[in-house]
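Right, one structure below, let's go through it.
The values are calculated or read from the model by the stated rules, or taken from the named source; none is laboratory data. Computed from a predicted model, the values in this text were never measured in an experiment. Here the Cβ positions follow ideal geometry from the backbone for every residue, glycine too, while neighbour counts run over all protein chains shown. The protein model used for the area step is the full one, side chains on, heavy atoms only, and it has no ligands, DNA or RNA in it. Shrake-Rupley method; radii C 1.70, N 1.55, O 1.52, S 1.80 Å.
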Amino acid sequence: MYGAAGEAAQDLARTDFSGKVALVIGAEGEGMRRLVREKCDALVSIPTRGKVQSLNASVAAGRPWAATGA
């Protein structure tokens, strides 16, 4: 189970999504709750460019979903 977290050290592009995958996206502005974060096997960051500091939940979900090849 992978959680998207802006402060995560593991980059989305360098994550191996082979096998079964569950993606967890937190609430816009608040992110994931602590207990949910603790249940994730890994936290991944979604790189952004320019002045973008955060993504809305639907965009944040689309990036890792596309990376899984699903």
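Each Lys and Arg contributes +1 and each Asp and Glu -1, all at the Cβ; summed about the Cα centre of the chain, the dipole is approximately 60 debye. Here the chain has 50 percent of its accessible surface on carbon and sulfur atoms, given a 1.4 Å probe and all protein chains in place.
Relative to its Kirkwood radius, the Cα radius of gyration of the chain gives an Rg/Rh of 0.93.
Computed over protein heavy atoms with a 1.4 Å probe, the accessible surface of region 1-57 works out to 76 Å² per residue.
Counting only DSSP beta bridges whose two residues both lie in the chain, roughly 10 percent are antiparallel.
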